[in-house]
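The values are calculated or read from the model by the stated rules, or taken from the named source; none is laboratory data. In this text the structure is predicted, and so the values were computed from the model without any measurement. No Cβ is skipped: glycine too gets one built from the backbone with ideal geometry, and neighbour counts run over all protein chains shown. Keep in mind that these areas ignore ligands, DNA and RNA; they rest on the heavy atoms of the full protein, side chains included. Shrake-Rupley method; radii C 1.70, N 1.55, O 1.52, S 1.80 Å.
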Amino acid sequence: MSSTTPTEFALPHAFQAAGVACGIKSDPAKLDLAVFVSDVPCTVAGVFTQNIVCGAPVQVSRSRVPRASARAVVINSGNANACTGQRGLDDARWMTAEVADRLGCSADDVLVCSTGVIGHFLPREKLAAGIPRAVDDLASTPEAFARAARAMMTTDTVPKLAVRQADLDGTRITVSGAAKGAAMIGPNMATMLAVLVTDAALSPSEADAALRHAVDASFNSIRVEGHTSTSDTVLLFANGAALRPESAPAARPVASRGDARASDQPPLVPPPLQQLISDVCADLARQIVRDAEGAGHFVTIDVRGLRTRQEARRIAKVVADSALVKTAIAGNDPNWGRIVSAAGYAGVDLRETDITLRLNGSLLFETGSPVAHDAAAVSQSMATGEVHVELDFPLGDAFTRFWTSDLTTEYVRLNSEYTT
């Protein structure tokens, strides 16, 4: 398999998308309603926020996945429909029913996402006017895909799209994804949404396993300020359309290679297809961090040499969440003491002499002792906006990678004014 990234952000076979403005946002010209539709019934799986305070759309969509008969997801931005009680649940289900009515399918085969301000009821009258227009505007073009991605945005400055293609067993497979997110990013499957669509064939259990594997190394490995949102949702739709002529009736998803509920082992997804899904998720996750509110630095944190991946992730997460580390990076300050001390309070059984730190390739701290280095040169390398933190330990072979951003005064300004 050789994977490629198309120059145009193409949708897979038999998928369509649309993005329209229906007036939910304060600026009525901004796109705020997106729809992604499979022309044929398809498999869908989902991963959602672990925050017990979660939006009505999360509750509705979570109850409908995984399944083999899905057709669409409808997404609004500008209003999270979270902490809205029974009315919020009624509104979320109503949105799916409105889309289903126009597609000629069951409301249970339509999922829903919302993102924006918490605690406000959805304006049904605006959505009632916008949903028919969105369905009428459905198209399979890159432009339609881009409009749907833009309609998902809240404080994002750019739409986030990713596509990977490869030949699998002689068939060209496409995996495409759109995401939104710039703050409230501490995914624990922040505010972040992502929709992945593929013309590969997957059973519900396969799609669920593939998505969870991909999310663990992507959306669950990014941090902005560590805040897990009420609305986090990642969905994967797989319609199998690449394996049959588009004019043919819908095929059933391929039989499961294993049932995760029947054994301790997740179903086996073909590695080349898993790689495509994982690559799209990782690309979108990195785009979210690069668009973090007010951020001036993109930070990669590699933690190596722990006994388990869980230990490595614990250290990476603590470093990524540290306000002192993030502000030092914002000031291009190679303050290695903040990074080393963060690793020390991560709750992992280690000694100070186990820690070695490199920053942008420069060795700053080795096996418990500081190393002479050119601080001005390291600072200058950080000023490029790209920062690589490498923490090495002698305790094992486990490795993890996290991505985060710095913490700036602009971030504070943006979030202090969010609802005012």
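The figures follow:
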quantity	calculated
Computed [θ] at 222 nm, helices only, for the chain once each DSSP H run of length n ≥ 4 contributes -39500 (n - 2.57)	-9500 deg cm²/dmol
Beta bridges per DSSP with both ends in the stretch 1-76, % antiparallel, nearest 5	100
Debye, to nearest 20: dipole size of the chain, +1 on Lys, Arg Cβ, -1 on Asp, Glu Cβ	620
Fraction of antiparallel bridges per DSSP, the chain only, in percent to nearest 5	70
Projected area averaged over orientations for the stretch 264-357, convex hull of C-alpha atoms, nm²	8.2
Vicinal HN-Hα couplings computed from phi for the stretch 136-141 (Karplus, 6.51 cos²θ - 1.76 cosθ + 1.60; Hz; Gly/Pro x)	5, 8, 3, 8, 9, 7
Heavy-atom accessible area ranking, 1.4 Å probe, most first, across Tyr345, Tyr411	Tyr345, Tyr411
Subset of Lys160/Lys326; Lys160/Lys317; Lys30/Lys180; Lys126/Lys160; Lys180/Lys326 violating a 18 Å alpha-carbon distance limit	Lys160/Lys326; Lys160/Lys317; Lys126/Lys160; Lys180/Lys326
Segments 268-280, 75-87 sorted - mean Cβ within 10 Å per residue, highest first	75-87, 268-280
